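J.: Next up is a structure, given as structure tokens.
The values are calculated or read from the model by the stated rules, or taken from the named source; none is laboratory data. For clarity, every value in this text was computed on a predicted model and none was experimentally measured. For neighbour counting, all protein chains shown are included, and Cβ atoms are generated from backbone atoms with ideal geometry for every residue, glycine included. These accessible areas exclude ligands, DNA and RNA; they are computed on the full protein's heavy atoms, side chains included. Shrake-Rupley method; radii C 1.70, N 1.55, O 1.52, S 1.80 Å.
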Amino acid sequence: MARGPIKHLKRIHTPRSWMLDKTGGNFAVRPSQGPHKLRESIPLHIVLRHRLKLALNGFEVTKIVHDKEGGVRIDGKLRRDHKFPCGLMDVITLDKAEKSYRVLYDAKGRFVLRAVKGEEAKFKLCKVVRREVGPNKVPYVVTSDARTLRFPHPDVQVNDTVKVNLEEGKIVDYVKFDQGNLVIITGGNNLGRIGVIQHRERHLGGFDIVHIKDAHDRTFATRIGNVFVIGRGKKSWISLPKDEGIWLSALEEQDARREHHK
């Protein structure tokens with residue numbers, strides 16, 4: 001019987017959000033243990049090699065990560081592990097290239113990197129998943145990226161979103177989980193879609209259901225655990241992906257491509 005943690009990952013079992021082809025080999029890079037779950041993250045190795053096209057093979061990825069003059073920073077911290085898991089809202093900074101990217105989902109539920117500059121690269125949004133009172137009656141919240149933030153604002157509750165300064169690691173602002181606020185879906189069949197909260201169905205002993213309307217006035221519903229608030233009102237606090245989180249049918253995509261090539 002096998003002992004210890006699983007160290008391998010077959011390529012055909014990787015999440016669809018990684019967009020790895022089946023013919024690239026038998027195995028894929030398995031993310032290290034970190035702030036995000038395996039199926040809700042993408043390894044730094046795949047980001048550098050397949051998304052940013054900075055390396056041709058794994059040896060070159062290791063060279064980039066271990067570069068002493070300037071490596072790769074995730075949320076402001078230098079990371080030497082090429083398997084480090086990058087998740088939603090993480091900010092990846094390349095020191096030598098002086099470029100920063102935010103990890104997001106597109107409307108089809110695939111990981112995309114959104115280039116960010118200036119002040120936007122200095123903060124990230126975190127969803128509050130737990131609020132507790134610790135020793136010596138110190139209140140704290142736990143966020144979606146496994147951060148523990150002490151002394152939050154009294155109004156901050158579970159499912160709200162906090163804006164965290166990456167240099168200081170402190171909360172600088174927050175937005176409530178309220179009707180009319182802009183959200184992105186982080187799980188389920190509507191993964192990656194962006195819309196505005198319409199109303200919330202409460203189910204005691206079950207999962208609350210949130211109804212959302214996108215920019216094309218299409219409504220859909222999902223569990224409350226899949227909803228991540230990203231802006232107050234209809235104004236987003238972050239730069240959105242190219243498709244702006246709007247899901248299109250196959251015919252609508254075909255028409256959009258024809259318009260683009262005219």
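J.: What number of residues within the range 22-45 satisfy the criterion of being charged (D, E, K, R), open to solvent by 100 Å² or more (accessible area, probe 1.4 Å) and over 14 Å from the mean Cα position of the chain (by Cα)?
T.: 1
J.: Continuing with this model, one more query. Mind listing whichever residues of the range 150-180 are in contact with a Gly (Cβ under 8 Å, 6 or more places away or on another chain) and surrounded by 12 or more Cβ atoms within 10 Å (Cβ to Cβ)?
T.: Listed by number, the residues that qualify are 166, 175.
J.: If you take the residues in the range 71-87 that are loosely packed, with under 15 Cβ neighbours inside 10 Å and basic (Lys, Arg), which one is farthest from residue 124 (Cα to Cα)?
T.: The qualifying residue farthest from residue 124 (Cα to Cα) is 80.
A quick yes/no check of all residues on (1) at pLDDT below 95; (2) open to solvent by less than 90 Å² (accessible area, probe 1.4 Å); (3) in a loop (DSSP other than H, G, I, E, B):
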{"position": "2", "(1), (2), (3)": "yes, no, yes"}
{"position": "6", "(1), (2), (3)": "yes, no, yes"}
{"position": "20", "(1), (2), (3)": "yes, yes, yes"}
{"position": "47", "(1), (2), (3)": "no, yes, no"}
{"position": "69", "(1), (2), (3)": "yes, no, yes"}
{"position": "96", "(1), (2), (3)": "yes, no, yes"}
{"position": "101", "(1), (2), (3)": "no, yes, no"}
{"position": "108", "(1), (2), (3)": "yes, no, yes"}
{"position": "112", "(1), (2), (3)": "no, yes, no"}
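J.: Just to check your reading of the model, which residue among 20, 78 is within 23 Å of residue 192 (Cβ to Cβ) and of a type outside the set (Asp, Glu)?
T.: The unique qualifying residue is 20.
J.: Looking at the range 74-94 only, could you name the residues that are in a loop (DSSP other than H, G, I, E, B) and over 11 Å from the mean Cα position of the chain (by Cα)?
T.: 75, 76, 80, 81, 82, 83, 84
J.: Suppose we filter the range 226-262 for residues that are of a type in the set (Lys, Arg) and outside any loop (DSSP other than H, G, I, E, B); how many remain?
T.: Taking the range 226-262 and keeping what is of a type in the set (Lys, Arg), we get 232, 234-235, 242, 257-258, 262.
Now restrict to residues that are outside any loop (DSSP other than H, G, I, E, B): 232, 235, 257-258.
Looking only at that region, the number is 4.
J.: Restricted to the range 114-128, and to residues that are farther than 18 Å from residue 171 by Cβ and surrounded by fewer than 16 Cβ atoms within 10 Å (Cβ to Cβ), which residue is modelled with the lowest pLDDT?
T.: That would be 118.
J.: Restricting attention to the range 189-212, does a residue exist that is surrounded by 12 or more Cβ atoms within 10 Å (Cβ to Cβ), acidic (Asp, Glu) and not in a loop (DSSP other than H, G, I, E, B)?
T.: Taking every residue of the range 189-212 in turn, at least one turns out to be surrounded by 12 or more Cβ atoms within 10 Å (Cβ to Cβ), acidic (Asp, Glu) and not in a loop (DSSP other than H, G, I, E, B).
J.: Next question. Taking the range 244-262 only, how many residues are in contact (Cβ under 8 Å) with a residue 40 or more places away in the chain, out of contact with any helix residue (DSSP H, G or I) (no Cβ under 8 Å at 6 or more places or on another chain) and closer than 17 Å to residue 189 by Cβ?
T.: Taking the range 244-262 as the starting set, the residues that turn out to be in contact (Cβ under 8 Å) with a residue 40 or more places away in the chain are 244-248.
If we keep only those that are out of contact with any helix residue (DSSP H, G or I) (no Cβ under 8 Å at 6 or more places or on another chain) as well, we get 244-247.
Of the ones still in play, those that are also closer than 17 Å to residue 189 by Cβ are 245-247.
Here the count works out to 3.
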